[in-house]
Amino acid sequence: MLSLFGTGIGRHIAIGRAVVLGNPARTISRHLLTNDQIDDEISRLRFAVNDAREGLMHLADNLPLDAPPETRAFIDVHLLMLDDPVIATAPINTIREQKKNAEWALKLNADKLITFFEGIEDSYLRSKQNDVIQVVDRILLSLQQAPTEADNRLANDLAGHIVVAADLTPADTVMLRHRHMNGFVTRFGGPISHTAILARSLRVPAVLGLHGTIDYIRNDDLLVIDGANNTVLVAPDETLLAEFQHRRDQAQARTLSLQSLRAEKAQTQDGCIVRLLANVELPEDLDVLHDAGADGIGLYRTEFLFMNAHQQPSESEQYSAYCQVLEHSPGPVAIRTLDLGADKQVDGGRSNSQNTVNPALGLRAIRLCLREPDLFKPQLRAIFRAAITGQATIMIPMLSSLSELDQTLMIIDEVKDELSREGIPFKSDVPIGGMIEVPAAAIAADLFARKLDFLSIGTNDLIQYTLAIDRIDDEVNYLYNPLHPAVLRLIHQIIQAGATAGIPVSMCGEMAGDPDYTRLLLGLGLREFSMECSSLPEIKQRIRESDINAQRATIEEILAASAPSQLDQLIVQLNDGTSD
């Protein structure tokens, strides 16, 4: 038996025979053209782009009826990328001006777009470089007249099989699932890629990012995917196989039982009411939101209005998008202002600079918005106008100093005055909150709480900033530890600051959607959890099984603990303990 480790998606188990797909990475031919070859090469590239577009449209038109509603949106992202000038226009100019062949020209220009995404600090948005790679690969395959093996597999029944591939697009993931794929394993990918998000929504067991170890898997190998433990077992023995079969059957039965909780309250056994909210990025997510029984939206990411547009969306376009979300949400919607940036360089953008701004510490989020009010004000205007249609709140990301908050509140007052003078209807008393995701803000949370209407803990960034690691960097992400004493103390301090100021505190990072931490967070005082919709039922069940008062002594021990082994043992004790 062989154990391989990557990034598990969800907490599910899959067992099946391996179906190994070829590596889509292909050698890119590079050669210079003669003058009389240029027009034909441009035509060849245009044909390949159009062929890729038709392929994506065919996938969209033939999605299974039970495909998650966000699936079409993922395909639309790829279609939009095909129209991006960096892919649709710039390679043609490269062919014409530099006389480089189509594959070479496409790769050169696509790398510029990939570099742009790599410079974005928000790890979710940075993972969009995977979409660029997938789109470019589809064009290259057309140029080389070689269909992907994944496309060929779509015609086969994959029941009882686990797909092993370098990468899968979101559309391929849905179609392969429709062919009854048990699960999948990939060489590349991380926990916040579109494919990973879709896998969670579909409840497809997967382990991503195996890198070179994936080469140990051969066609027809018996595999076990253990998403909870980030593990792929190759050729397990009969005893171990029987154990995982039993665990899989138990998990499937539990999933079915959780469906009955949709209309039930998230209430602990000692009577504490908890509000469960959803993280949303696209209007299509709203159908899933209702099905999961969420109380509202704790994080609405607005970056996608900007990322999927060829130019900055107008105030009117943003207003329409916010109205749509507010009208369909069952409860309040925390609209996070633009969290984008960090792609600038310290010397004004020269590509040959020796000193590049660290994207983790660069000009992004509220820093960018304060630097460019022409970007910030239209968004604020749109939110205040849309707030008439629902329960909107405004959430400011990456606050690190009170001066930033004061500047932000001053701009908000200016926007209100402008709308009043212009006679435009708007809601003036929209609650203003801040994301606490920088250690400086966490330490000074009591000061921020005095000036804000609510706080939201962004654990993804808070943990990586506190521990000085990049959680999506394979070289150091093993250090990403939500149970580090410093992280727990900061979280506790933020929650206490909110309680002292009498304002609500929510959590919208991945930690909120992990049932291993639910009782811990309840014990620390958290009463609002925001997460991916697929996690809501299990978190609700864990809450309903908990007794906060009975767990206080263990929580105090956890806060006082320092040794990792001691913390792990206490968390197990907390989660295994009864509440009677």
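Taken together, the values in this text are just the output of simple stated rules run on the coordinates, not laboratory data. Computed from a prediction, not measured in an experiment: that's the story for all the values here. Cβ placement follows ideal geometry from the backbone for every residue including glycine, while neighbour counts extend to all protein chains displayed.
Overview of results
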{"item": "Neighbour cut-off at most 12 other Cβ (10 Å), DSSP loop, GluC sites (Glu not before Pro), region 203-303", "result": "264"}
{"item": "Nitroxide proxy distance, nm - points 7 Å out along Cα→Cβ at residue 36 and residue 250", "result": "7.5"}
{"item": "Distance (nanometres) between label positions extended 7 Å along Cα→Cβ at residue 429 and residue 50", "result": "5.9"}
{"item": "Inter-part distance where region 410-444 and region 486-533 are each reduced to a Cα centre, Å", "result": "23"}
{"item": "Ordering of 375-381, 250-256, 332-338 by burial proxy (mean other Cβ atoms within 10 Å per residue, highest first)", "result": "332-338, 375-381, 250-256"}
{"item": "Pair-distance profile P(r), taking every C-alpha pair of region 425-580, with 10 angstrom steps and integer %", "result": "11, 38, 37, 12, 2, 0"}
{"item": "Burial order of peptide ranges 496-502, 30-36 (average beta-carbon count within 10 Å, highest first)", "result": "496-502, 30-36"}
{"item": "Highest-first arrangement of 42-49, 419-426, where packing means the average Cβ count within 10 Å", "result": "42-49, 419-426"}
{"item": "Anisotropy class of the chain from Cα gyration tensor, a/c 1.5 cut", "result": "oblate"}
{"item": "Cα-only Debye scattering, region 419-513: base-10 log of I(q)/I(0) at q = 0.21, 0.25 Å⁻¹", "result": "-0.95, -1.21"}
{"item": "Additional length obtainable on full extension of the chain from residue 116 to residue 407, 0.36 nm per residue less Cα span", "result": "101.9 nm"}
{"item": "Count of lysine pairs in the chain with Cα separation under 16 Å (8 or more residues apart, or interchain)", "result": "7"}
{"item": "Label-point separation in nm, residue 144 to residue 468, each point 7 Å along Cα→Cβ", "result": "4.2"}
